[in-house]
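Report on one structure; see the data block that follows.
FYI, it's all coordinate maths here, none of it is from the lab. These numbers were taken from a predicted model, which means no experiment stands behind them. Cβ atoms come from the backbone with ideal geometry, glycine included; neighbour counts cover every protein chain shown.
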Amino acid sequence: MPARLILNADDFGLTRGINRAILDLHSASVLTSATLMANGAAFDDAVEIAHAQPTLGVGCHIVLVDGIPLSPPRSVPSLIGADGKSFRSTLGEFVRAILLGCIDEEDVAREARAQIERMQCAGVHPTHIDSHKHMHLFPSIVRTLLRVAEGCGVGAVRNPFEPPWAFALGHGSGSRRLAIRLLGGFRSRFESTLQSYEGRIRSTDGTVGISTTGELSVTTLAEILRVLPAHGTYELCCHPGYNDGDLDRVATSLRAHRSTEREALLGEVAKAMVGASSPLLVHYGSLADEEKSPL
C-alpha cells in the first residue's frame, strides 16, 4: 500500500476567511481534513461548510489556551487565566501550570467534552481530535483527552510528534527546533497511552509541518512532499486562510502567512500526486478502514 497523507488545516471556525480558504482548498482536492474550534467566532459558518462538504473530514480542535471556554469559568477554574473568564493567554503560562501540577484533569475533561458535544449537537461527528498548540503532547492532557474522545465516540487522535525524516529537513527557527526536540521526550508516553486504546482510537506515524509552522511555503512544502516515505500514514498540519479584517480582530500569531500556506497547498500538492508512488490522500475517518500503521 502506498503512503497515506492527511492534509489537515487547523483553526476551522476561527474566522470566515479561514473557513473560506479551507473550502477553496478542499474543492481544489488539495486539503482532506480540518479541525474545528468549537468556541470559534465563525463556528456556525464552519458547520454549514462541513454539512455541504461531506468528503471533508472534520475533527475537533480542542482549545485549552488562548480563547474563551464553552464551560462556565467557575466549573473549570484550573484552566482560567487572571481575568477570571478566559483561558490563559499564552502557551508559556499553560505549560508552566501543567509542570507545576496546577491543571485539574477533570476540568480538562469537562471542557473537552463540551467542545466535542457542541460539534455533535450541530450534526458534525468529529473524525478525530487534536489540540490548539499541540497541548495533548503532555501526558496528563492526552490521557484525559483520549478518555473523553472514547466516551464521545471519537476514534482517532493526532500524533503530535514530528517524524525524524521531517525534522531532519532543518525547517523552522532554532528556538522552535529546540522546543520540539525537548518536547519529543514525551513521545514514548504518548505512544504507551495510545496503545492502551488499541483498536479503539487510531493515529498516524507522525505529524509533518510542526517545525514549519509560520514558515510553510512553496519551497518547504515541496521539500516535505519530495521526501515523504513510500509507506506509512502521516498528517501534514497547516494553517491556511485569508488575511482579512476578521483575522485582524482575533488573537493569532499567523496572519499574512496564512495566505502563503494557502498558495503553497494550491501550487504543490497536485504536483506531488503525479506518479504511481504518490501518496493516497485521506482523512482521519479513513483510518478505521485499515489497520493502523504502527507508531
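A Förster radius of 22 Å combined with the Cβ-Cβ distance from Ala52 to Gln120 puts the calculated FRET efficiency at roughly 0.75.
For the chain, the 222 nm mean residue ellipticity estimated from helices alone, with every DSSP H stretch of n ≥ 4 adding -39500 (n - 2.57) and the total spread over all residues, rounds to -11500 deg cm²/dmol.
Residues whose amide H falls under 5 Å from that of Leu7, counting only those 5 or more places apart or on a different chain, are Thr32, Ser33, Leu236, Val282, with hydrogens built in the peptide plane. The overall shape of the range 61-110, judged from the alpha-carbon gyration tensor, is rounded, with an a/c ratio under 1.5.
The distance linking the range 120-149 with the range 14-49 is 18 Å (Cα centroid to Cα centroid, whole angstrom).
Taking a temperature of 20 °C and a viscosity of 1.002 mPa s, what whole-number D in µm²/s does Stokes-Einstein yield for the range 4-289 with Rh from Kirkwood over alpha carbon pairs? D = 114 µm²/s.
Take 2-8, 245-251 and order them by the average number of nearby Cβ atoms within 10 Å per residue, most first; the result is 2-8, 245-251. Charge dipole of the chain (Cα centre as origin; +1 on each Lys and Arg Cβ, -1 on each Asp and Glu Cβ, all else neutral): 480 debye, rounded to the nearest 20.
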